[in-house]
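Since the structure comes first, as structure tokens, the remarks are kept for the end.
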């Protein structure tokens with residue numbers, strides 16, 4: 001390896017470690033900001049397939065069935081993977097994680113393409 005390749009390898013390793021540490025963060029915006037800074041340090045906005053998977057797994061709010069989710073994610077085109085990564089920080093998730101679909105369902109049903117529904121609350125008048 002050349003000196004530049006060594007530096008890039010170290011930066012990539014630091015990036016993956018930092019993203020894994022941020023995975024426990026509840027603040028998705030914090031994760032996205034840190035990701036952008038680290039990618040800029042890497043000098044590339046083009047993620048490898050492994051980086052895209054790591055970004056997805058760290059950003060998705062419910063952690064379940066990781067091996068199946070990884071296979072489902074890696075079967076998708078790069079364009080779809082990038083669309084998902086763009087979609088996740090914008091999506092409104094239920095506060096109770098039991099109501100968040102597992103990642104495999106999200107991927108297999110292409111739920112990032114769903115129209116974002118406004119949550120409406122109906123107020124009923126009390127009748128006495």
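Bear in mind these aren't lab numbers, they're just calculated from the coordinates by the rules spelled out. Because the structure is predicted, anything quoted here is derived from the model rather than measured. Cβ coordinates were reconstructed from backbone atoms using ideal geometry, including for glycine residues, and neighbour counts include every protein chain displayed.
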* To do: Order the peptides 51-62, 103-114, 86-97, 70-81 from the highest to the lowest mean number of other Cβ atoms within 10 Å of their residues.
  => 51-62, 103-114, 70-81, 86-97
* Contour minus end-to-end for residue 65 and residue 77, with contour as 0.36 nm per residue of separation and end-to-end as the Cα-Cα distance? -> 2.3 nm
* Structure fact -> Rounded to the nearest 0.05, FRET efficiency between residue 98 and residue 11 (Cβ-Cβ, R0 41 Å) equals 0.60
